[in-house]
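The values are calculated or read from the model by the stated rules, or taken from the named source; none is laboratory data. The shown structure was predicted, so the numbers you read here are calculated from the model rather than taken from an experiment. Methodologically, a virtual Cβ is constructed for each residue, glycine included, from the backbone with ideal geometry; neighbour enumeration extends over all protein chains shown.
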């Protein structure tokens, strides 16, 4: 199996479609039936190239004799793969990185051009040094976040964005005790560290295989959920007797967390517009032994409920600017037009779902973006239009400054 050739194919497919890179990668791994080692190497290559693409392109431009020379998408991706391996994969010798890259091309002319560029770079670089985090981030993203967060030191943010995302696990009390979970992890030789005792949140360290293949995962002893995402649900202040709605539920991590607070009492509704995503949520619920979720297919912008809820969670669609280390696609596909569309969707969801909050009930609005337009401005506009609600708390979690992903949360109370 030529993993480098697969990486090139995936990068080409990503450029020519609007599919998410994670979807393309997962589909390829299943279709080709890749083993864990090949899957990990493939992910390293495609994610690494996208994570450092702006810097890689600047290096390519300096290493080409004629900077004005037009290159096809294929040649650019071949060069990106080659230079990424030369700089970031220390275990692969430079000569091997160059030779393996050349083997991706059949045309002698193209091979000659790529060989010249890679060897020009090798001669000019001297000692190989890693670029700064800021060099890997597209200019439009840096400019936008600089405007959105004018009082924030963005150096830690850039560093956080360029790091491979940390993987957190949340213990599932419905399938066993934490002692049982930790004992099985020890049997599986897993490395972990508890980072939140009260919530049962663990940082999984030195992951070398797909977590979903672990026996402990398949038994439903834990679920993957970022430490910040877990904190959002705690703001709902769910009690066992509450009727709760998760209005943008898929993929289900927050719904499952709410279910544990309700101790599997049959008082949780999960609404999502996508039947496919709800089907996946149902499968995950079976694994976790969560059987108190009523799944409802519907659009949160206009769906009508005949009942009202004590608690409603609105984890709305957003621009994902707080999770750029996970959602590499966003770095290159973010646009003002797309954001304006999302802002309209968020506004409609807020307006519609607010009518189903009981008096003295709570609605939590959350995003995984750092945009004021989608966060503070959105909540401010809602409160101005709906004086029967008030905000008791709001906070922005900035990656690199706080633990976990970036995002925003606001607790909105309906007055009696």
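Worth a mention:
For every residue, the table says whether it meets (1) out of contact with any strand residue (DSSP E or B) (no Cβ under 7 Å at 6 or more places or on another chain); (2) at pLDDT below 95; (3) within 25 Å of residue 234 (Cβ to Cβ); (4) in a helix (DSSP H, G or I).
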{"site": "317", "(1), (2), (3), (4)": "yes, no, yes, no"}
{"site": "323", "(1), (2), (3), (4)": "yes, no, yes, no"}
{"site": "332", "(1), (2), (3), (4)": "yes, no, no, yes"}
{"site": "342", "(1), (2), (3), (4)": "yes, no, no, yes"}
{"site": "347", "(1), (2), (3), (4)": "yes, no, no, yes"}
{"site": "359", "(1), (2), (3), (4)": "no, no, yes, no"}
{"site": "372", "(1), (2), (3), (4)": "yes, no, yes, no"}
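- Restricting attention to segment 201-218 and to residues that are in contact with a strand residue (DSSP E or B) (Cβ under 6 Å, 6 or more places away or on another chain) and crowded, with 18+ Cβ neighbours inside 10 Å, the residue that is farthest from residue 257 (Cα to Cα) turns out to be 204.
- The single condition from (1) more than 18 Å from residue 324 (Cα to Cα); (2) outside the structural domain of residue 72 (by TED's automatic domain parsing); (3) in contact (Cβ under 8 Å) with a residue 24 or more places away in the chain that residue 116 fails is (2).
- Taking residues in segment 51-69 that are assigned by TED's automatic domain parsing to the domain that holds residue 83, and partners anywhere that are assigned to a loop (DSSP other than H, G, I, E, B) and at pLDDT below 90, the pairs with Cβ atoms closer than 6 Å and at least 6 places apart or on different chains are 61/67.
- Residue 229 vs. criteria in a loop (DSSP other than H, G, I, E, B) and within 26 Å of residue 181 (Cα to Cα): no
- The test for being modelled with pLDDT under 95 and in contact with a strand residue (DSSP E or B) (Cβ under 7 Å, 6 or more places away or on another chain) does not hold for residue 174.
- Lone qualifier among 37, 62, 13 - being assigned to a helix (DSSP H, G or I) and under 22 Å from residue 134 (Cβ atoms): 62
- Residue count, segment 94-139 (criterion: assigned to a loop (DSSP other than H, G, I, E, B) and more than 32 Å from the chain's Cα centre (by Cα)): 6
- Within segment 31-70, being surrounded by fewer than 13 Cβ atoms within 10 Å (Cβ to Cβ) and closer than 29 Å to residue 211 by Cβ holds for 31, 33, 35, 36, 37.
- Selection of segment 275-315 for residues being assigned to a loop (DSSP other than H, G, I, E, B), within 20 Å of residue 225 (Cβ to Cβ) and either touching a strand residue (DSSP E or B) at 6+ places or on another chain (Cβ under 9 Å) or touching a residue at least 60 places away in the same chain (Cβ under 8 Å) (or both) yields 289, 290, 292.
- Check on residue 259, in contact with a strand residue (DSSP E or B) (Cβ under 9 Å, 6 or more places away or on another chain) and touching a residue at least 12 places away in the same chain (Cβ under 8 Å): yes
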